[in-house]
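The values are calculated or read from the model by the stated rules, or taken from the named source; none is laboratory data. Computed from a predicted structure; not experimentally measured. Note that each Cβ is placed from the backbone with ideal geometry, even for glycine, and that neighbours are counted across all protein chains shown.
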Amino acid sequence: MLSLILPVHLYTKSGVEQTRKVMLFVLGLVSSGLAEGGPASAAPGELLPADVPPSTNALPVPARRAAVIALNFAPRPVQNGYEAQLALARQGISPGSLDGVIGPQTRAALRAFQEKEGLPMTGQLDPVTKARLILTESPERIYTVTGNDLARLLPVGATWLAKSQQERLDFETILELLAERGQASQNLIRLLNPSIDWANVTAGTSVVIPNVPLPPVRAKAETVRIRLSERILQAFDERNALLAHFPCSIARQLEKRPMGELFVEKIAGYPTYRFDPENFPESAEARRLGRILDIAPGPNNPVGTAWIGLNLPGYGIHGSPRPEEVGRTESHGCFRLANWNAEYLAQLVRVGTRVIVEP
């Protein structure tokens, strides 16, 4: 997905606020009022904050607004790129980290949805596609930060040796944790919660995040197809119906990109990563270490929170500690997904599922 390109020469307080409003306008959030910091007002037919339970009225304005909308929400077609990303992700058709921008990954997801629905494959959020993409639940939900959330935060070592000495590779910041909860970019979480001081979040803080429940697993994948040129991974059932579509990172070096038919050999959640210096000849540290290290599990583990091993030694489909880079950067050979997509794919496949790698 493309990054927002916005003015950077706005150094005054009012300039910063104007830049924020431009970004929110692009995301389609200013018109809904979700990200505004002023008093919450109700649209016609919308439940007024005064009618919400007292506990809800005590929330910050963005969270209170999200609660009001959730209480009054009725299914409707999507209205903008951000809502289109939400509706796609809820069907297992991932546009990558939600950011409200219709870039290459969102267009690829739109094409997958259009093909599934028998629509013209424009890759655009055209009127016909908008009408077919339905939001069945409120776009956002309120997440309350817990003491356990804060207790699990810890810095991740900068070197392979330092990582190997940690008991777990967990989230480093509460913003990172919440972005993963909402399948979103960290910048989007900031935009949805403009009044939060992210350096001083305490237990009990209410945060607005995208509401992205994954679809239930109703069928197992018969085949997984990886298209190297498009950097996408798709899963299909026995009738060749699309079950999932994800952006995917591939190997940097052509000779390390496997081709043809493979199959799933192992599935593991929260895997331990084995660092072999021979796989990192470009790393001065690897050359200096000269020994294998075991890296503890966690969302910041090099293979993320799920590992789907293939019958080619050392190759697999796995998660990533940097979901916003998936599909943009390249790997040492494996197929890299966002953690939430790797976890969902691990539910869809079984040992023996075919994995076909295409040019």
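The figures follow:
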item	result
Subset of region 189-206 (residues that are touching a residue at least 40 places away in the same chain (Cβ under 8 Å) and surrounded by 19 or more Cβ atoms within 10 Å (Cβ to Cβ))	Leu191, Leu192, Asn193, Ile196, Val201, Thr205, Ser206
Members of region 165-175 that are touching a residue at least 12 places away in the same chain (Cβ under 8 Å) and surrounded by fewer than 19 Cβ atoms within 10 Å (Cβ to Cβ)	Gln166, Glu167, Arg168, Glu172, Thr173
Hits in region 111-134 (condition: over 20 Å from Pro75 (Cβ atoms) and not in a helix (DSSP H, G or I))	Gly118, Pro120, Met121, Thr122, Gly123, Gln124, Asp126
Residue within region 333-340 that is farther than 24 Å from Ala162 by Cα and outside any loop (DSSP other than H, G, I, E, B) present	yes
Residue in region 257-267 that is surrounded by fewer than 20 Cβ atoms within 10 Å (Cβ to Cβ), in contact with a helix residue (DSSP H, G or I) (Cβ under 9 Å, 6 or more places away or on another chain) and at pLDDT 95 or above present	yes
Whichever residue in region 327-353 is within 16 Å of Arg227 (Cβ to Cβ) and aliphatic (A, V, I, L, M) and, among such residues, is surrounded by the most Cβ atoms within 10 Å (Cβ to Cβ)	Leu337
Residue in region 247-268 that is touching a Lys or Arg at 6+ places or on another chain (Cβ under 8 Å), touching a residue at least 24 places away in the same chain (Cβ under 8 Å) and under 17 Å from Asp170 (Cα atoms) present	no
Condition broken by Ala84, with the remaining ones in (1) modelled with pLDDT of 50 or more; (2) in a loop (DSSP other than H, G, I, E, B); (3) crowded, with 23+ Cβ neighbours inside 10 Å satisfied	(2)
Some residue of region 143-160 being among the acidic types (Asp, Glu), surrounded by 19 or more Cβ atoms within 10 Å (Cβ to Cβ), modelled with pLDDT of 95 or more and under 23 Å from Glu180 (Cβ atoms)	no
Residue check, Ile209 crowded, with 21+ Cβ neighbours inside 10 Å and either farther than 20 Å from Asn341 by Cβ or of a type in the set (Ser, Thr, Tyr) (or both)	no
Strands (runs of 3 or more DSSP E) fully within region 201-283 counting 2 or more residues that are under 19 Å from Leu345 (Cα atoms)	223-227, 232-236, 242-247, 260-269
Failed criterion for Ala286 (all others in (1) under 28 Å from Ile93 (Cβ atoms); (2) among the small types (Gly, Ala, Ser); (3) in contact with a Pro (Cβ under 9 Å, 6 or more places away or on another chain) hold)	(1)
Residues within region 341-359 that are hydrophobic (A, V, I, L, M, F, W, C) and either more than 20 Å from Gly298 (Cα to Cα) or not in a helix (DSSP H, G or I) (or both), tallied	6
